[in-house]
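Heads up, the thing below is written out as structure tokens.
The values are calculated or read from the model by the stated rules, or taken from the named source; none is laboratory data. Quantities reported herein were computed from a predicted structural model and do not represent experimental measurements. Glycine gets a Cβ as well: all are built from the backbone with ideal geometry, and neighbour counts include every protein chain shown.
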Amino acid sequence: MADWEQLRELAHEIEVPELRSLARTARHRQLRARAAVGVLAGLVLLGGGVGLASVGGTDRDNVQPVQDPTGRLTDAPGGVLPLPAPDPGSNVATVDAGRYRVPLDDGLAFEVDLPDHTSAHDGGLFLASGSIVLKTEVAGADYGVPRDPCTRQTIDPVGPTVDDLVHALGELPVYRVTLPRPVELGGAEGSYVEARVPRAYDASQCDRQQVQLPGDPRTAVGGAPPYLGRWWILDVDGTRVVVQQNCWGCSAEELDRAVATAQSITFTPER
Amino acid sequence: MDGGRDVEDLDALYAASYRRLVVQMYAICGDLADAEDAVQEAFITALRKRRTLRSVHNPEAWIRTVALRRLHGGWRHLAVVRRHQATQREPEPAVGVGPEHVALVTALGLLDPGQREVVVLHHLGDLSVAEIADQLGIPVGTVKSRLSRGRERLGELLTEREEPSHG
């Protein structure tokens, strides 16, 4: 029989951090959010592009149930399809070959050509085909890099610009990151880098024996070496968007064959 | 509104509930650090949304829901990574806690995530079936079936552990 009392007693061994330290974090986030809203409001006043006002208002801490974004996509034109509904009992949708439209936030979406048998997780945040996962998201104020991808995996924000993130990626320990080069993807400009963690890297001392990837703390993932990733860090009309093509355990040739998927992306306003 | 009173209320809630929420999240996710992160993030959210928190009937349940959502996100993303890793790895054992805790948490880790959540909230969080249904936003019947199957499977797993095969 399960001994729940024994598990309850574990509570006595848990250290309670001071609430004041959490309050400081809360205040910092509040200030960052206000600053972002201020900047975005200014950009909107200057006529700065598509859907910018919605970006700063995105509140990922909201405790209301997350709406299925596929539900809004019913009238995509020109043969572009909405992602299908998730398979029963899961958050994964199985996708036939075609061009699909995926919302990024209230004001921005992207379209992408997906091969047959792609699985779409979390409303298209992850699009997995074979062993390769395409991850596309708005990289907001919380987006950052781990203090140490192996031993201190807490993600710290790096700053709001494409260059802030590219610079932080280049400084990361554990990863081998190529020099950034200018790139255009889907109508947006930015920087492109390739990152890898070699098979020989000993992750046995890492938290959960995994190496943490940069990302938004709420969506970041990690994996065991070897890792190979292609990263497009883009400025889409003032919104920083990161497109990652990630693979744990596959070769550069496999990733090369899949690059057409990432290159088929175009960014569009979300309706 | 009385800001000083708010602080006192949240202080009291934090002092009273932090540890038990961490244990509940630990039983659900199997990683003490993730559990602590989830609960701390939930309290940070509470600090940022005090107005919302004031209006809810059960603040501890609200904070648990936020912590659970954070765990759900972590699972989903980890699951994607695991699904697409070339080499499947066994679940990692819990660290930093004694073996008597690890046995139960390891067995819980082998349950279906939906069953695990319901079993933990019922047996460790002392929530009724109706309360679980309300907090997770799922039908009462689903809670009952998950609880029944989860308990049955957990019993099997713990029995297997106590009586290892000699074959």
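Just need a number here: residues in the range A:222-251 that are on the phi < 0 side of the Ramachandran plot, within 14 Å of chain B (Cβ to nearest Cβ) and touching a residue at least 24 places away in the same chain (Cβ under 8 Å).
Adding up the residues that qualify gives 14.
Residues to consider are A:Val241, A:Val197, A:Val193; find the one that is crowded, with 19+ Cβ neighbours inside 10 Å, at pLDDT 90 or above and farther than 22 Å from A:Ala141 by Cα. Quick ask: steps written out before the conclusion?
Working: A:Val241 fails: farther than 22 Å from A:Ala141 by Cα; A:Val193 fails: farther than 22 Å from A:Ala141 by Cα.
Only one candidate passes the filter, namely A:Val197.
Give the residues of the range A:156-193 that are assigned to a strand (DSSP E or B) and in contact with a Gly (Cβ under 7 Å, 6 or more places away or on another chain), sorted by residue number. I'd like the intermediate steps shown before the answer.
Taking the range A:156-193 and keeping what is assigned to a strand (DSSP E or B), we get A:156-157, A:176-177, A:181-185, A:188-193.
A:Asp156, A:Pro157, A:Val177, A:Val183, listed by residue number.
Please find, within the range B:150-167, the residue that is nearest to the other protein chains (Cβ to nearest Cβ) out of those that are at pLDDT below 90 and in contact with a Leu (Cβ under 8 Å, 6 or more places away or on another chain).
Checking each candidate, the answer is B:Leu158.
So that you can scan it fast, the table gives a plain yes or no per residue for (1) under 18 Å from A:Gly186 (Cβ atoms); (2) in contact with a strand residue (DSSP E or B) (Cβ under 7 Å, 6 or more places away or on another chain); (3) within 12 Å of chain B (Cβ to nearest Cβ):
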{"residue": "A:Ala109", "(1), (2), (3)": "yes, yes, no"}
{"residue": "A:His121", "(1), (2), (3)": "no, yes, yes"}
{"residue": "A:Leu134", "(1), (2), (3)": "yes, yes, yes"}
{"residue": "A:Ala141", "(1), (2), (3)": "no, yes, no"}
{"residue": "A:Gly144", "(1), (2), (3)": "no, yes, no"}
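If the requirement is being within 14 Å of chain B (Cβ to nearest Cβ), surrounded by fewer than 21 Cβ atoms within 10 Å (Cβ to Cβ) and closer than 30 Å to A:Phe267 by Cα, which of these qualifies: A:Thr219, A:Thr178?
Result of the check over A:Thr219, A:Thr178: A:Thr219.
Being at pLDDT below 90 and more than 21 Å from the chain's Cα centre (by Cα) is the requirement here; does A:Gly123 meet it?
no
Quick check, is A:Ala203 of a type in the set (A, V, I, L, M, F, W, C), closer than 24 Å to A:Asp122 by Cβ, modelled with pLDDT under 95 and in a loop (DSSP other than H, G, I, E, B)?
So A:Ala203 does not fit the description; no.
For the range A:218-249, how many residues meet the condition of being touching a helix residue (DSSP H, G or I) at 6+ places or on another chain (Cβ under 8 Å) and part of a loop (DSSP other than H, G, I, E, B)?
Matching residues across the range A:218-249 total 6.
If we keep just the residues of the range B:100-121 that are charged (D, E, K, R) and part of a helix (DSSP H, G or I), which is farthest from the chain's Cα centre (by Cα)?
First pass over the range B:100-121, keeping only residues charged (D, E, K, R): B:100, B:112, B:116-117.
Those still in the list that are part of a helix (DSSP H, G or I) too: B:100, B:116-117.
Numbers: B:Glu100: 19, B:Arg116: 8, B:Glu117: 6 Å.
Checking each candidate, the answer is B:Glu100.
Report the residue count in the range B:122-149 for those that are in a helix (DSSP H, G or I), within 15 Å of B:Ile28 (Cβ to Cβ) and within 12 Å of another protein chain (Cβ to nearest Cβ).
Qualifying residue count, the range B:122-149: 5.
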